[in-house]
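Written below as structure tokens is the structure these notes are about.
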Ligand code: 2AM
């Protein structure tokens, strides 16, 4: 099974993000029900490994927190753009949770993630070269986007099944966070 750990988005927030999804020919837009923030991509594991990871994730104790979405950005540039995403207002509790998720995955037998955590919600992916002019207009037009706050009170272990019409994400387990620290 192919797994990742992330935060789902409330329906209303995903619907607001979906209003941005226009004006980029060739973009594979993420459906609102699939929008999420990845805390840790795990990849292909056995069911035994998944059980170990689940046990470690279930042992995490961390407070809930509020998150705000703000601005847009890309992975890759110009015609080499691979993805367009919405960013987040930096959040220390989010970074704290991500660190705990990372170490739980390692204790659950996974190799450490070498890449720096870069929180984002992917809006679109590109399999072919993006139109650089349209992309620039999109980025400029969405630069002031902001949404939230919303309260994160749990995180989720997702299974990702790759299909012909894109990935399907299924929540396998939710892990509750403690009440936010005020
Ligand atoms: P994303 O967060 O930028 O959209 C499931 O595939 C999720 O894990 C996606 O949201 C994906 O990217 C993220 N992810 C991170 N690293 C990945 C990788 N090496 N392969 C596939 N997905 C990855």
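Since every read-out is calculated from the coordinates, none of them should be taken as a lab result. These numbers come from a predicted model, not from an experiment. For neighbour counting, all protein chains shown are included, and Cβ atoms are generated from backbone atoms with ideal geometry for every residue, glycine included.
Could you tell me how many degrees, from 0 to 90 and to the nearest 10, lie between the Cα long axis of helix 132-142 and the main elongation axis, the longest principal axis, of the Cα atoms of the chain?
Helix 132-142 and the main axis of the chain meet at about 70 degrees.
When 31, 162 are ordered from fewest to most other Cβ atoms inside 10 Å of their Cβ, what list results?
Ordered from fewest to most neighbouring Cβ atoms within 10 Å, 31, 162 come out as 162, 31.
Give the order of 81, 99, 46, 156 when sorted by the count of other beta carbons within 10 angstrom, beginning with the fewest.
Fewest-to-most ranking of 81, 99, 46, 156: 46, 99, 156, 81.
Taking only DSSP H segments of four or more residues, each worth -39500 (n - 2.57), what value at 222 nm results for the chain once the sum is divided by all its residues, to the nearest 500 deg cm²/dmol?
So the calculated ellipticity at 222 nm is -8000 deg cm²/dmol.
Test of understanding: in a Gaussian network model of the chain with alpha carbons linked when under 10 Å, which of 38, 74, 19 would top the mean-square fluctuation ranking?
19
What angle, in degrees between 0 and 90 and rounded to the nearest 10, separates the Cα long axis of helix 92-107 from the longest principal axis of the Cα atoms of the chain?
60 degrees
For the chain, modelled as a Gaussian network with Cα springs under 10 Å, which listed residue fluctuates most, 106, 152, 121?
The residue that fluctuates most here is 106.
Give the Kirkwood hydrodynamic radius (Å, one decimal) of the chain, defined as one over the mean of 1/r across all pairs of different Cα atoms.
For the chain, the Kirkwood estimate is 17.1 Å.
Tell me the relative contact order for the chain as a rounded percent, counting alpha carbon contacts under 8 Å between residues six or more apart.
Reported relative contact order: 34 percent.
How long are the semi-axes of the ellipsoid equivalent to the range 24-116, from square roots of 5 times the Cα gyration tensor eigenvalues, in whole Å, largest first?
Ellipsoid half-lengths, sorted descending, are 28, 18, 13 Å.
Looking only at 163, 71, 26, which one moves most when the chain is put into a Gaussian network model with springs between Cα atoms under 10 Å?
Highest fluctuation of the listed residues: 163.
How high is the FRET efficiency from residue 132 to residue 89, r the C-beta distance, R0 25 Å, rounded to 0.05?
E(calc), rounded to 0.05, equals 0.35.
From a point 7 Å beyond the Cα of residue 145 in the direction of its Cβ, which residues of the range 20-40 have a backbone N at a distance under 20 Å?
It comes to 20-39, nothing else.
How would 181, 101, 72, 45 line up from fewest to most surrounding beta-carbon atoms within 10 angstrom?
Ordered from fewest to most neighbouring Cβ atoms within 10 Å, 181, 101, 72, 45 come out as 181, 45, 72, 101.
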